[in-house]
1. Considering segment A:115-160 alone, what residues qualify as being surrounded by fewer than 19 Cβ atoms within 10 Å (Cβ to Cβ) and of a type in the set (Ser, Thr, Tyr)?
2. Which of the following residues is under 26 Å from B:Lys174 (Cβ atoms), more than 10 Å from every other protein chain (Cβ to nearest Cβ) and more than 14 Å from the chain's Cα centre (by Cα): A:Ala117, A:Ala140?
3. Could you tell me how many of the residues in segment A:81-105 are surrounded by 18 or more Cβ atoms within 10 Å (Cβ to Cβ) and without any contact (Cβ under 8 Å) to a residue 24 or more places away in the chain?
4. For segment A:1-25, how many residues meet the condition of being more than 20 Å from the chain's Cα centre (by Cα), within 14 Å of another protein chain (Cβ to nearest Cβ) and of a type in the set (D, E, K, R)?
5. Would you confirm whether or not segment A:163-185 contains a residue that is hydrophobic (A, V, I, L, M, F, W, C) and surrounded by fewer than 21 Cβ atoms within 10 Å (Cβ to Cβ)?
6. Across segment A:33-49, which residue is farthest from A:His18 (Cα to Cα) among those that are of a type outside the set (A, V, I, L, M, F, W, C) and surrounded by 13 or more Cβ atoms within 10 Å (Cβ to Cβ)?
7. Scan segment A:2-23 and tell me whether some residue there is of a type in the set (Val, Ile, Thr), in contact (Cβ under 8 Å) with a residue 24 or more places away in the chain, within 27 Å of B:Asn23 (Cβ to Cβ) and outside the structural domain of A:Leu146 (by TED's automatic domain parsing).
Number of protein chains: 2
Amino acid sequence: MKEDTKQRLIMTGARIMHLKGFNNTGIQEILDTAGIPKGSFYNFFKSKEDFGLQVIDYFVGFFLQISNQFLGDKSHPPLERIRLLLGWFIEFFESTDYTLGCPIGNFAQEMGDVNPAFREKLKTSLDSMARQFVDVLLEARESGHLSKTLNAQDTARFMISSWEGALMSMKVEKSTEPLETHARFIFDYILKAEWKTLERVTH
Amino acid sequence: MKEDTKQRLIMTGARIMHLKGFNNTGIQEILDTAGIPKGSFYNFFKSKEDFGLQVIDYFVGFFLQISNQFLGDKSHPPLERIRLLLGWFIEFFESTDYTLGCPIGNFAQEMGDVNPAFREKLKTSLDSMARQFVDVLLEARESGHLSKTLNAQDTARFMISSWEGALMSMKVEKSTEPLETHARFIFDYILKAEWKTLERVTH
């Protein structure tokens, strides 16, 4: 029950902060939306900062779960798995009317400069997100689907940061075009595999 | 004198918002920092939103001035001008200890979803930033420095959004490595020109 309440606060806070940002979201608003009395917040969290750090963990867990579902699915060749993952995200953002973007990127943009605890947490988060891509890229090199001259670590990091920028453009353009352009450039020029018409996958 | 005060408010607000974001910056803090009495704010600006939109114009003007200084300098071949511009920005962010990032990207991340007036202004801003790159890329195609198969419009947009993402990573990693990785991937794989050791330029 206690864990339920805590989890409900994190999920509610995550949803509101994803849209409005960390600073612009009040603890009271989270409690009101979750229907939880004020006193209990500090039973679970030391501070709003502590809460924000746990919201980031929640988002990273969510991301790793989705990406592992695609990148870990060995029934497809490695680069195809990346293609399916990007396709899933592009459809996801279509369904949310091009809003929200990546919560990790949003937090990084907002808090990276001003709060060292957030920065450290975000750095670790981006590292663990990159690691999954590194594994798939190494597998693709091994199986001859990817040039041996491509550094897997750098490529994974470039793919992730470039994707974060594409999400920023998506929000402003209200279109998935920046995401499709990202995918096309990554596939056509970096991975040198064709970025075909997306296979439609359900989410 | 009146214009002086207005300009001083915009420059002060721009500096604070660049670091802390729009929502996290109060009008009072801007007035205090600029040493201007409270009453006068609303002589110049209809609202904090109106102020924010003028801060964006200020930043875009600043960016276009810097980028034109490099991209418009016909004493270098077109791709070399892009290289010099990126090099200048990489040095700039070294000098600011990897903070701040692109104000347009920060605003887009924070306000793109929640405020249509900001979104419209940011879209126009990114368009005008891309246009300068399109011109240089077209010139490079014309002079045989760039493959004719590369779409200048898409390439310019990819370069800008990918750069925005690299700046986000820079803030979290406290290093220019994401910017150098960006530059290397854009030059080596997209523009197919060598990303050499940067010529050091002063700023």
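The values are calculated or read from the model by the stated rules, or taken from the named source; none is laboratory data. This structure is a prediction, so every number in the text was calculated from the model and none was measured. Every residue, glycine as well, gets a Cβ built from its backbone with ideal geometry; the counts of neighbours run over all protein chains shown.
1. Scanning segment A:115-160 gives A:Thr124, A:Ser128, A:Ser143, A:Ser147, A:Thr149.
2. Matching residue, one of A:Ala117, A:Ala140: A:Ala117.
3. Number satisfying all stated conditions: 1.
4. 0
5. For segment A:163-185, residues hydrophobic (A, V, I, L, M, F, W, C) and surrounded by fewer than 21 Cβ atoms within 10 Å (Cβ to Cβ): absent.
6. Of everything passing the filter in segment A:33-49, A:Ser40 is farthest from A:His18 (Cα to Cα).
7. Looking for residues that are of a type in the set (Val, Ile, Thr), in contact (Cβ under 8 Å) with a residue 24 or more places away in the chain, within 27 Å of B:Asn23 (Cβ to Cβ) and outside the structural domain of A:Leu146 (by TED's automatic domain parsing), one finds at least one in segment A:2-23, hence yes.
Residues are listed down the side, and each one gets a yes or a no for (1) in a helix (DSSP H, G or I); (2) touching a Gly at 6+ places or on another chain (Cβ under 9 Å); (3) hydroxyl-bearing (Ser, Thr, Tyr); (4) at pLDDT below 95:
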{"position": "A:Leu19", "(1), (2), (3), (4)": "yes, no, no, yes"}
{"position": "A:Gln28", "(1), (2), (3), (4)": "yes, no, no, no"}
{"position": "A:Ser40", "(1), (2), (3), (4)": "yes, no, yes, yes"}
{"position": "A:Asn43", "(1), (2), (3), (4)": "yes, no, no, yes"}
